[in-house]
1. Tell me, what is the percent relative contact order of the range B:32-132, built from C-alpha pairs under 8 Å that lie six or more residues apart?
2. Based on the alpha carbon coordinates of the range B:413-481, what radius of gyration and maximum Cα-Cα distance (Dmax) apply, in Å?
3. Provide the net charge surrounding B:Asp300, with neighbours chosen by a C-beta distance below 12 Å and charges set as Lys +1, Arg +1, Asp -1, Glu -1.
4. Could you tell me how many degrees, from 0 to 90 and to the nearest 10, lie between the Cα long axis of helix A:172-181 and the main elongation axis, the longest principal axis, of the Cα atoms of chain A?
5. Please compute, for the alpha-carbon atoms of the range B:1-100, the extent along each of the three principal axes and give them in descending order in Å.
6. Taking only the alpha-carbon positions of the range B:541-667 and ignoring solvent, what does the Debye formula give for the base-10 log of I(q)/I(0) at q = 0.12, 0.23 Å⁻¹?
7. Partner chain Cβ atoms within 10 Å, averaged over the residues of B:489-497 - can you pull that number for me?
8. How charged is the neighbourhood of B:Gln730? Take every other residue with its Cβ under 11 Å from the Cβ of B:Gln730, and add Lys/Arg as +1 and Asp/Glu as -1.
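Read the figures in this text as sums done on the coordinates, not as results from a lab. Computed from a predicted model, the values in this text were never measured in an experiment. As a convention, Cβ positions derive from the backbone with ideal geometry for all residues, glycine included, and neighbour counts pool all protein chains shown.
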Amino acid sequence: MKERLQSIKEEALQQIEEVKDSKTLQDLRVKYLGKKGQITEVLKGMGNLSKEERPVIGQLANEIRDAITEALDTKQETLEQAALQQQLKEETVDVTMPGKPSQVGGSHLLMNVIRDIEDLFTGMGYEVAEGPEVETDYYNFEALNLPKGHPARDMQDSFYITEELLMRTHTSPVQARTMNKHEGRGPVKIICPGKVYRRDTDDATHSHQFTQIEGLYVDENIRMSDLKGTLNTLAKHLFGEDRHIRLRPSYFPFTEPSVEMDISCKMCNGHGCSVCKHTGWIEMLGAGLVHPNVLEMAGFDSEKYSGFAFGMGPERIAMLKHGIEDIRHFYTNDVRFLKQFHQV
Amino acid sequence: MLVSTNWLKQYVDIDHVSTEQLAEDITKTGVEVEQVFEPTLVSDYLVVGYVTACDQHPNADKLNLCQVDVGNGEIAQIVCGADNVASGQHVVVAKPGAVLPGGFKIKKTKLRDESSEGMICSLQELGIDEKYIADDYKDGIYVFNESVEAGQLAAPLLNLDDAIIEFDVTPNRSDCLSILGMAYEVAAMYDHEIELPNSEVDQAQEQSSDYVDVTIANEEANPYYGAWVIKDLTVTTSPLWLQNRLISAGIRPINNVVDVTNFILLEYGQPLHAFDYDRFGSNQVLTRMAEEGETIQTLDGEERTLSSHHLVITNGEEPHAIAGVMGGEESEVQDGTTTILLEAAYFDPQTIRQSSKDHGIRSEASVRYEKGLDITRVKEAASRAAQLLASLGGGQVLGDIVEAGSTSWTPYVISFTKTEMVKRIGADISLEEMTQIMERLRFDYEVDGETITVTAPPRRQDIVIKEDMLEEIARLYGYDNIPFTLPIGEMDQGGLTVKQKRLRAVHDYLQASGLYESITYSLTTEAKAQRFISPDVRELNVSPVKLAMPMSDLHSHLRLSAVPELLSSLQYNVARNQYNVGLYELGSVYTQTEGEGTQPDERVRLAAAVTGLWENHPWQGVQKSVDFFVLKGILEGLFDYLAIDGIEFKQGEIDDLHPGRTALIELNGTVIGYVGQVHPTVQKEHDLQETYVFDVNLDALLAVTNTQAGYKPITKYPAIAQDLAFVVDQSTPAAELAEAIKEKGQPHLESVRVFDVYEGEHMEAGKKSVAFNLIFQHQERTLTDEEIDQARTAIVEYLQTQYDAVLRG
């Protein structure tokens, strides 16, 4: 009997070893370990054995059963692994094929510039102020020290709707409106972005509609040096730490003194090139100290309060930053243009 | 304003500085330089030649063989093709070695077997613009009229060695519209002396007042008028130096009289006008406002109709000039004029501005009158002109100018303290530095302690208030020398308002949902302004706001929706083979709700337009065009994102949209916009395939406040799902059924979602099956089967009675 068990074991292990699929393996499990399996069959003859032999054979039978069970399990595991490997191999994809596109749109370059400037100034404690695009003659001109018949009105040829109503020519009326709301008490710290309109024929450098963003800071003790420091911060933020600025005299009716700010040319580092017309400087924005008439008209005591204001064109900044040569790109909404710019 | 540096040098020393440096310095302290024109030609090889002999070229009919003395007795043989060359002429010779404008190199050469050692030049060949060249020399070589010597350098004679600076003079600095004004500016900048021109004139015994009498009818429009008579003049060509000056400033020389008035206009900034006295028609000058409908023939040959706000210079009867703008043809100085009436006047800037605008004439004179002149220098300028006319035209200047009105001027007196200037500028400028700046500016001032009192000179009309002095001090101290500081004040919170933050969130959401932010024009055509208007705008019963004087029909009316311009943008893209495009715009529309002529309300609306493929992943077989539900989905997502409840989409109809594929969007029962397919005929107009649009009142959405406090706890009890399908009439809106289910399924029905719609085969005609997925949930316990059944029964019974709906098995 002992021999018989031993031979069953050898045969079983031999057969398990050779198995190639799990069906055969299952059959072997039944054949050897099942209720009618070979080991059971052998053990049926246990009754004929002596009292001494029984535990010995019993133990041997158990050992052999365990050995076969383990061999079966191991084989089972091996076969499953192989099958999984096979399945994974069959499931392989070409990872270089294109992914399913998510619909992702994007922001407009001009708005990127505006938001960037808004974020810089809101971080410095400014608020964002807005106002109407169809403006009264009073706010667009008169409150800004441009009475009717003022020659400087020619600088901004306007789209009038009635004698008293026009498309605003700049975002400056928002300054006047906001100051009015403050009822003569400072500080006023605002940044005003928006669309503006002038009588220009659309071409590569002119657009009858464009955008502006202005800043205003009115408080006691505002100095020209504060304007310089603020503009320096802005210029470096927009164009890089290594840029320099300079102020030079200019004229706007609503500021006195009025200045224009130039930034050192990035293309040539200030040495002069075609971009900066060989001056080393690129004109970037207009600014100045708020004219006392403007302060007074808005209800501020111009002896007590002073302020600075500055205004720029996001188009110009975008054009300088990206080398864009035609302002009309901002308004055709050509997706080949829109797709190129990202908010972050 | 073009400023000749050669001319400027006569009044102020600029020899120590290069033109480039000068341009940069002036830009930084005073007036912006637009452009620098370096000398066109400075060459030792360009000389005056004297033509000693001129014969026909032996081998060419059209060429001349000239012997030319080019100085030091050197005779050069030069072949010249010009018709007007002749012996005895002084001409410009470019000797071998000269390089003419355009890089044309002069070499010794042979022309038809005759050697030619240089070239006799025309003015065009020397780089002078044809518009400045007198007719005599337009088609040939230039011949000197004045005494010059063979061998003399020609470039200085023709002012070719001049560097010219073009300034962009701002409207406040009218003083810089003259060479003298620029000289003052440069002198202040470099702290140099200034040399004023001599304006003394010898006057005859005979008096101007014997010839003319002046009356001003309107002293407001014409504060001062001076008339000076100069007789026995010869009108002729101006000498070269005078012509050079005018050309350098871009003015064409005409004759000595006109040229002198233009010269003074440039030198002093004071416009003058010369009338032909004998054709003036009377011996009295009357300046008055024109009569309505009165006419005058101006110098340019145009007949102009005048009105009562135009100032005219008359002979007592007829107008002979539109004051400050243009003279009349009748008394124009011409060849043969011998006696002139020289006008030196001061006109009210506003009056001239109006007149210039009405007549569409912006002359050198009107530009200056308009901006305001130095009234105290009018007479001096006239005297200088008279002096030049006498010397250049051989005329006799009669006894003193005949005047009416006054040149008196009340100067502005401005006081400020050193401390307040320092406080406003933010740079530590000393009292002494400030007074030095006053000296450099040649402003009269007094110092008392630390108070400076300045009397502004009349030439500087822009100096009126303290801040003007602040500018003078700051700019001459140097903006570069002011430090960089930041305002000192209390910390402000600043930042965006809730509404602004929500607006940004809307942008972020729309971009992330696949749309590109666009900016279109607010001004559109009249036709476009009437289209795609949302019912909530339509019901305001407003017409598009119209510009009084549009530049073109393309931009004449303000939009009431951004959709029409967005469609144009789609069309633009598709025409450039960009077929799959989704654009949105967040911007104002303009509704004049208070009636015509009032300031319109500006409502921020959100519009979008999408065309082409929305999903495009062909290798996995996914290619879907945009459809109604793509745009609706974007909007639903937006409403969720902004946590807005109370939205309903209802079947609707709007002009220009597909009648079966349009929804009106309601917020708590009020229409706030629409979403739908563009009507196929309108698509065709725009060469577009299926295109979907929406237009929503964003202000209405942002007005919904959303202050969430606390939160709803996440329950640990299971939710129970139930699917119900009903057969109903095809026309029954699914959303209505869902709403009814939601109502009847209470109190535990948490959500209802349509997950299938079926119509067609196996379905009775005119019917459809709609399947809903219902989720029941209780926060504190597991729901019982009885509770679910109860709800279900209520729903089925209600839909059956209300919609004749049959529950499918």
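1. Worked out over the range B:32-132, it gives 26 percent.
2. 10.9, 30
3. -3
4. 90
5. Principal axes ranked by extent give 63, 27, 23 Å for the Cα atoms.
6. Debye intensities relative to I(0), on a log10 scale: -0.63, -1.45.
7. Whole-number average of other-chain Cβ neighbours for B:489-497 is 6.
8. -1
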